[in-house]
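The values are calculated or read from the model by the stated rules, or taken from the named source; none is laboratory data. Please read these numbers as outputs of a predicted model, since none were measured by experiment. With ideal geometry, Cβ positions are generated from the backbone for all residues, glycine too; neighbour counts draw on all protein chains shown.
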Amino acid sequence: MTSPRVCDDAGQAFPIYITVVGGLLLLALAYFAVGQAAGTRNQAQTAADAAALAAALETRDSLADQWLDNVRDPASWQDIFEGKTAFPNACWRAQELAARNDARVDCEPDGLLGYRVSAETNDTVGDTIVPGTEDQKATESATAVIEARCSPKPPAEDTEGDALPSLACKGGEDWDLTPDDLSNLPKPEDLFDVHLADS
């Protein structure tokens, strides 16, 4: 025959068990809500990074094209490398790429050779145990910059008058340019670095 004390102990343990399980379930739902919010923020940051880089890469290519068009005019090279020439605003490229990442962006030039982008997700965090998240979107920002890798190096004094300067580039790579043979010219990635700026 079961003793009354054992029955009493079992009866007291059941409410504690229910409380512990309920607490663990609530904690799991809270972690899920945090995970949803983090995922939405990551989506916004990815969209911002990609959009800023896309705009900067578009501008890099425009500057490289300008340099190719003016390769026989060395006096213009430094202004091109420093972004002091006229070139199209490439924020359209940031907006185009953000749409592919299911986000919308605000984009503006940041200095002569950079773009600052703020991206907002189209998706919301969604329904969670935290009130108000169902309509909450994530917004993150990023800045991408373009930096010249090369600078003109004047030709030696004993060279002919129509000689072009060489290009001294980062990493010790130099380009010697011959006016009569311009078939081997640096590519956009040889002339410019594009990277995200540190926050």
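Some notes on this structure:
- Within the stretch 102-125, restricting attention to residues that are of a type in the set (A, V, I, L, M) and touching a residue at least 60 places away in the same chain (Cβ under 8 Å), the residue that is surrounded by the fewest Cβ atoms within 10 Å (Cβ to Cβ) is VAL125.
- Residues located in the stretch 90-101, provided they are closer than 14 Å to ASP61 by Cβ and exposed (fewer than 15 other Cβ atoms within 10 Å of the Cβ): TRP92
- Residues of the stretch 167-187 that are crowded, with 17+ Cβ neighbours inside 10 Å and either under 28 Å from the mean Cα position of the chain (by Cα) or modelled with pLDDT of 90 or more (or both): LEU167, CYS169, PRO186.
- Some residue of the stretch 84-106 being closer than 23 Å to ASP181 by Cα and either part of a helix (DSSP H, G or I) or at pLDDT below 95 (or both): no
- Screening ALA148 on (1) among the aliphatic types (A, V, I, L, M); (2) within 30 Å of GLY111 (Cβ to Cβ); (3) at pLDDT below 85 shows it passes everything except condition (3).
- Of everything listed in (1) over 33 Å from the mean Cα position of the chain (by Cα); (2) at pLDDT below 60, the single unmet condition for ALA28 is (1).
- Any pair with Cβ under 9 angstrom, 6 or more apart, that starts in the stretch 66-95 at a residue that is in contact (Cβ under 8 Å) with a residue 60 or more places away in the chain and ends at one that is β-branched (Val, Ile, Thr): TRP67/ILE80; TRP77/VAL71; GLY83/THR59; GLY83/ILE146
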